[in-house]
There are 4 protein chains.
Amino acid sequence: MKALVLEEKLRLSLRDIDLPLTLGPNDVRIRIGRVGICGSDVHYYKHGRIGPFVVNAPMVLGHEAAGTVVEVGSQVTDLKPGDRVCMEPGIPDMTSRASREGHYNLDPAVRFWATPPIHGCLTGEVIHPAAFTFKLPAHVSLAEGAMVEPFAVGMHAATKAQIKPGATAVVIGAGPIGIMVALAAQAAGAGLVIVSDLSTEKLVIAGKYPGIHPFDIRTGPLAAHVAKLTAGWGADVVFEASGSTKAFDGIFDLLAPGGTLVLVGMPPAAVAFDVIAAQAKEARIETIFRYANVYAKAVALLASGKVDLKPLISASFPFDESIAAFERAAEGRPADIKLQIVVEEFAS
Amino acid sequence: MKALVLEEKLRLSLRDIDLPLTLGPNDVRIRIGRVGICGSDVHYYKHGRIGPFVVNAPMVLGHEAAGTVVEVGSQVTDLKPGDRVCMEPGIPDMTSRASREGHYNLDPAVRFWATPPIHGCLTGEVIHPAAFTFKLPAHVSLAEGAMVEPFAVGMHAATKAQIKPGATAVVIGAGPIGIMVALAAQAAGAGLVIVSDLSTEKLVIAGKYPGIHPFDIRTGPLAAHVAKLTAGWGADVVFEASGSTKAFDGIFDLLAPGGTLVLVGMPPAAVAFDVIAAQAKEARIETIFRYANVYAKAVALLASGKVDLKPLISASFPFDESIAAFERAAEGRPADIKLQIVVEEFAS
Amino acid sequence: MKALVLEEKLRLSLRDIDLPLTLGPNDVRIRIGRVGICGSDVHYYKHGRIGPFVVNAPMVLGHEAAGTVVEVGSQVTDLKPGDRVCMEPGIPDMTSRASREGHYNLDPAVRFWATPPIHGCLTGEVIHPAAFTFKLPAHVSLAEGAMVEPFAVGMHAATKAQIKPGATAVVIGAGPIGIMVALAAQAAGAGLVIVSDLSTEKLVIAGKYPGIHPFDIRTGPLAAHVAKLTAGWGADVVFEASGSTKAFDGIFDLLAPGGTLVLVGMPPAAVAFDVIAAQAKEARIETIFRYANVYAKAVALLASGKVDLKPLISASFPFDESIAAFERAAEGRPADIKLQIVVEEFAS
Amino acid sequence: MKALVLEEKLRLSLRDIDLPLTLGPNDVRIRIGRVGICGSDVHYYKHGRIGPFVVNAPMVLGHEAAGTVVEVGSQVTDLKPGDRVCMEPGIPDMTSRASREGHYNLDPAVRFWATPPIHGCLTGEVIHPAAFTFKLPAHVSLAEGAMVEPFAVGMHAATKAQIKPGATAVVIGAGPIGIMVALAAQAAGAGLVIVSDLSTEKLVIAGKYPGIHPFDIRTGPLAAHVAKLTAGWGADVVFEASGSTKAFDGIFDLLAPGGTLVLVGMPPAAVAFDVIAAQAKEARIETIFRYANVYAKAVALLASGKVDLKPLISASFPFDESIAAFERAAEGRPADIKLQIVVEEFAS
């Protein structure tokens, strides 16, 4: 089947490749509609590895997908051909101890799309377990469906934050993930949401959402701004979504007593962490690894109209121009929040 | 000072009464602007008691108030004359064990406005601790400020529910508290909010809010409706806000596995509770008593525009017509969500 | 294979019966050593049904078991022949939504030993998933291993209670489950544990454990006793483990402000529940359904010596006398906490 | 009144000093019995400051005390002369926002014994709020009562950890606080408790407690040891109680998926924190600042016999030898867990 393949020598090719397409009793067969390009896809393309995961055989890219069910396994009862769906890209061993305890995202044996050596979904058709396939309501498009994966990261962060309704949230970083976190935090109850960055383009996009307050850190210290907006109390929740080691300088100054810091970004090196400052606030720090059990709830928020991800789709490319799409993603234009590839035109 | 007084014989009179007006160092003096009429005010008027609290001396009514600071005590630093504010009506002993543990609402020594023998706030001026007085932003009116008290009940219920973003919530009862709970649950992260009642008028008011789905229980079983909207999973959170003993029949059929039931309504008698049905869902049941630590966050939600309480103010009466206002409240018209009394016209 | 079979006409027979013994790749084959008799086994024997579960075909009884691994499937890496183990008797579908969310005990498709039509483990050998089979350390006997199942109920209750270290716990009911709950609550951090009952025999057994305070409810009101021992504050956690509807009379009088009630017992009918009294304490009520994710931790507590279940084994019977063992269990002698059947003598 | 005074020039003198001894209506007057010497007392003696708190006027030392009530204020009902008590050394403003939210330990206006410029309790008599004074049962000595303050740190850490019963805990550091944390974690439900250090003397003391497993980090990597004892799963909770920056190297290797790290120690500089490693375990990190709401529960654990702090009192000195006691404390002998000063001999 035709697919966007990252070759071992880190060259992209759009070509036929053998993919396993046997339908098990609990699986569904899905015709891929839309696929978003993630920073990790681009990272594999540019660097050939992320941590211990190394591209040393041809690998199909892509893990943010929506599509249409075309066939269901014999035991599948809650999906049927014609259903429009989005998919969790990780397939864990559900009998592992981590999975049994509700942390299936932490199962070390998880098979995750486009994480070597597992193939991704930038191809015409995939087989996927029904348990990790989620129906989209009629008024949610496949383009939005393919946004559920990155939004799931924000959802998981916002869920772990346990935001009290009306709380103040600060999101450090207005990149794709920062904006997803800000929207999820707002939907999750935050009354005031401040998003900081040093890119004017990114802050403009974030600031178009009502209730999201952009703050350019080149204009002054973020902590003073937060203090001013909260009468000196501080933010109840701070999300670090920039992945910058610098973000940790004075990060606990942002926080209210008893507040929570959620670490979403993945800094390239160890950060300098001020334990005493954290203790003075008695901060709780949550970390997240991908997501678990948020897809159905993410779809519900899109369906309800509380969250609108459409403005974040910066451009779409036909499947035949996948390589051009990746080249543009590799440029890293500041206003490109999400680029998508339309695998099957009619499906969207 | 002139006040709306409930006399011992349960007659209302608008007359002068001696009230303690000494300003302590941590207190503020507030000119009352608006006061909402609560079901408990009406209940004292009609029945002279609520549980152990009996009206056996003249008592000023009213506990839902907003106003303007006119003087501050010597130790007060965060409020100043001219600030527009709303007030928590209960003043606990903050050194009690319950208060120390963060449950100041459960302090048995709490002094609560218009709960005998404590006077309420339907008068020109009150003295109040600064710690329980909350500044309103410029664009939040005193009318909205006086809505914070009933909304705080919804906020506390939604906070205790620990709603995950995108979760499904059902609110049983579309009375004033039911609607407050629904709005708070929605602001707190619920994706789908279903409100049930058997009053067409109330359901129409609730249903005008985008994302609130009214359900008339005269048209069929609520559980079947919830099952249909959630693909058989059930509601993640159910709020009982009707205070009807009948609401408990089959209430756990509404709930998803691992779901939460929050008991907000106060049924007049013990209810029949099906322990086995609760266990089959491994339900968590939360109960609330008034509220604690939600006022600042409630004001933040009004300020952000996420929650709009203005449509719930059904009618306003000048202070001189307070008695007429109470007579109308006593009628219990189904479309009267909240009646307010304008104590000082210019202030609103 | 020879097994203790409950025939459709509710007669017990110790006879050969065909059982599925095919070893899957993730399964282990276990020679059964010890099996405890549970109240539910006796209930099926006496009444032929529990709720919707009806004995309408011969069924092997027993679900509290420990034994020795004799063979492992091709994918099993953490167990090997010779390992002494105990087993969770329920096998859920781990891909169901409830299981994915960490509540595998709530999966409606769970297959539970000796719950019709699923056979139990009172036989020589069983096949079981390795994921639900737990190794016993060298110094924990098979007799103790077979106690893990009932203790798991207490563990799950104590886990859900979220007991703070040093908290006061009350356990209503000193039957087998009540004692298990009391021991788990004590191990889980309770400083003072009060167990109430009206059976002198049961209270004597409970009271032999240091730190467990028995209270005979025939000698006066439990609430007054708790108030006295807690300087009027009340119990931080109350476990209802009697299954008596009467236990709910005034149950919230036992509780401290902000306290937790855990419903473990299964009353035969709806109980009268005083919502107002629960709200006055702002009680949290947790319910439990069997258990999830507690076996490894239960074994750790036995291994550490913090919990000693051996005194609760009232008598043991050889496999050939299984029917006599059930007859004695059916008598319901107050001092019989747990009766066990030794399936394979040498194994214990 | 005679007191142990730290003079501005960091010289100790046992001399008379004027102390405020006016009894307020909610206060009690306490004759001091025993006072423990804390590392912070020694630090002020040696260095004259801790962070922003500088000794620039004579200050009475000591904050770990127990004594006997000799007079009570007019509003005090739950204490009476003759009661033996221990005291929380911090007196917060209970109306501050942090206090109202249940975090009175985070109130910036807290007045804490022997934190400049507030005098401590190494003197004959103190006035203290009844709300922060806790009665000791008859069989708990004043010597044990004076241990409640350092134990409270362990209690608060163990409470925040939310240890599930039977969980595995690792405590890094076997100093006074490390041992307190280990005992609290054990009482709070941990099944296996591993304490690491590189001091043989300290490990011997920790290891005398049944169920506490000492581990000398000079013998090999702690992570490998934990992996071995937990069949590769890791520790559910890790407490960092050494205050060493080195402890953070590979600290997340100790942790199970979904585990919790509690930061108790106060490292002298920022630590290198591996965000990616924390995320791979989806670690929750809790920090603590002193303690709140644990004294009553700590006393309950001493009273129940679950926790025995007596072996940790290494030596006692009469009040007249206070300076010698401080000199010895300043030596930092590895086997000196706690030194105490007997202020009033007959009282213990």
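Quick one: what pairs do we get from the range D:46-70, first residue away from every other protein chain (no Cβ under 14 Å) and touching a residue at least 12 places away in the same chain (Cβ under 8 Å), second among the hydroxyl-bearing types (Ser, Thr, Tyr) and assigned to a strand (DSSP E or B), C-beta under 7 Å, 6+ apart or different chains?
Partner pairs satisfying both residue conditions: D:Val60/D:Thr123.
All but one of (1) open to solvent by 10 Å² or more (accessible area, probe 1.4 Å); (2) within 14 Å of another protein chain (Cβ to nearest Cβ); (3) not aliphatic (A, V, I, L, M) hold for B:Gly191; which doesn't?
Every listed condition holds for B:Gly191 apart from (1).
Restricting to the range C:54-84, what's the tally of residues that are among the aliphatic types (A, V, I, L, M) and open to solvent by 40 Å² or more (accessible area, probe 1.4 Å)?
Of the residues in the range C:54-84, 4 are among the aliphatic types (A, V, I, L, M) and open to solvent by 40 Å² or more (accessible area, probe 1.4 Å).
Rundown of residues vs (1) over 21 Å from B:Met94 (Cβ atoms); (2) not hydrophobic (A, V, I, L, M, F, W, C), yes/no style:
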position: D:Lys46; (1), (2): yes, yes
position: D:Ile50; (1), (2): yes, no
position: D:Asn56; (1), (2): yes, yes
position: D:Leu61; (1), (2): yes, no
position: D:Ala66; (1), (2): yes, no
position: D:Val69; (1), (2): yes, no
position: D:Met87; (1), (2): no, no
position: D:Pro92; (1), (2): no, yes
position: D:Thr95; (1), (2): no, yes
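Looking at (1) on the phi > 0 side of the Ramachandran plot; (2) surrounded by 19 or more Cβ atoms within 10 Å (Cβ to Cβ), which is the one condition that is false for C:Gly305?
It fails just one condition, (2).
I'd like to check something: does the range B:20-41 contain any residue that is more than 24 Å from D:Glu101 (Cα to Cα), outside any loop (DSSP other than H, G, I, E, B), open to solvent by 50 Å² or more (accessible area, probe 1.4 Å) and at pLDDT below 95?
Yes.
Name every residue in the range B:97-143 that is in a loop (DSSP other than H, G, I, E, B), open to solvent by 20 Å² or more (accessible area, probe 1.4 Å) and of a type in the set (Asp, Glu), in order of residue number.
Answer for the range B:97-143, where residues must be in a loop (DSSP other than H, G, I, E, B), open to solvent by 20 Å² or more (accessible area, probe 1.4 Å) and of a type in the set (Asp, Glu): just B:Glu101.
Of the residues B:Gly259, B:Gly178, B:Gly145, which is under 25 Å from A:Ala296 (Cα atoms), more than 12 Å from chain A (Cβ to nearest Cβ), at pLDDT 95 or above and touching a Lys or Arg at 6+ places or on another chain (Cβ under 9 Å)?
Residue meeting the stated conditions: B:Gly259.
Every residue in the range C:152-175 that is facing chain D (nearest Cβ under 9 Å) and closer than 16 Å to D:Ala158 by Cβ, please.
Within the range C:152-175, C:Ala158, C:Thr159, C:Gln162, C:Ile163, C:Lys164, C:Pro165, C:Gly166, C:Ala167 qualify.
Is there any pair linking a residue in the range C:16-37 that is under 18 Å from C:Ala114 (Cα atoms) and without any contact (Cβ under 8 Å) to a residue 40 or more places away in the chain to one that is crowded, with 19+ Cβ neighbours inside 10 Å and not hydroxyl-bearing (Ser, Thr, Tyr), with Cβ under 8 Å and at least six apart or on different chains, and which?
C:Asp16/C:Ala3
Which residues, counting only those in the range B:218-265, are hydroxyl-bearing (Ser, Thr, Tyr) and free of Cβ contacts under 8 Å to residues at least 12 places away in the same chain?
The answer is B:Thr219, and nothing else.
Could you give me the residue pairs with C-beta distances under 8 Å whose first residue belongs to the range A:300-313 and is outside any helix (DSSP H, G or I), whose second residue is β-branched (Val, Ile, Thr) wherever it lies, and which are 6+ apart or on separate chains?
A:Ile313/A:Ile337
With the requirement that a residue be more than 27 Å from A:Asn105 (Cβ to Cβ) and open to solvent by 30 Å² or more (accessible area, probe 1.4 Å), what does the range D:231-269 give you?
D:Ser242, D:Ser244, D:Thr245, D:Lys246, D:Met266, D:Pro268, D:Ala269
Looking at this structure, is A:Arg15 of a type outside the set (Ser, Thr, Tyr), surrounded by 13 or more Cβ atoms within 10 Å (Cβ to Cβ) and not in a loop (DSSP other than H, G, I, E, B)?
Answer is no for this residue.
Filter the range B:235-256 down to the residues that are more than 9 Å from every other protein chain (Cβ to nearest Cβ) and among the small types (Gly, Ala, Ser), then identify the one that is nearest to B:Gln186 (Cα to Cα).
That would be B:Ala235.
Looking at the range B:266-296, which of its residues are closer than 26 Å to B:Glu144 by Cβ and either outside any loop (DSSP other than H, G, I, E, B) or within 7 Å of chain C (Cβ to nearest Cβ) (or both)?
B:Met266, B:Ile288, B:Phe289, B:Tyr295, B:Ala296 - these are the residues of the range B:266-296 that are closer than 26 Å to B:Glu144 by Cβ and either outside any loop (DSSP other than H, G, I, E, B) or within 7 Å of chain C (Cβ to nearest Cβ) (or both).
Does A:Ile91 satisfy being within 14 Å of chain C (Cβ to nearest Cβ), in contact with a strand residue (DSSP E or B) (Cβ under 7 Å, 6 or more places away or on another chain) and either closer than 26 Å to C:Ala98 by Cα or open to solvent by 20 Å² or more (accessible area, probe 1.4 Å) (or both)?
Yes: the conditions hold for A:Ile91.
Assess whether B:Ile276 counts as being over 18 Å from B:Met180 (Cα atoms) and within 27 Å of the chain's Cα centre (by Cα).
Against the criterion (over 18 Å from B:Met180 (Cα atoms) and within 27 Å of the chain's Cα centre (by Cα)), B:Ile276 does not qualify.
Exactly one condition in (1) farther than 30 Å from A:Asp107 by Cα; (2) crowded, with 19+ Cβ neighbours inside 10 Å is false for C:Gly51; which is it?
For C:Gly51, the exception is condition (2).
The values are calculated or read from the model by the stated rules, or taken from the named source; none is laboratory data. Computed from a predicted structure; not experimentally measured. Methodologically, a virtual Cβ is constructed for each residue, glycine included, from the backbone with ideal geometry; neighbour enumeration extends over all protein chains shown. All accessible areas refer to the heavy atoms of the entire protein, side chains included, with ligands and DNA or RNA removed. Shrake-Rupley method; radii C 1.70, N 1.55, O 1.52, S 1.80 Å.
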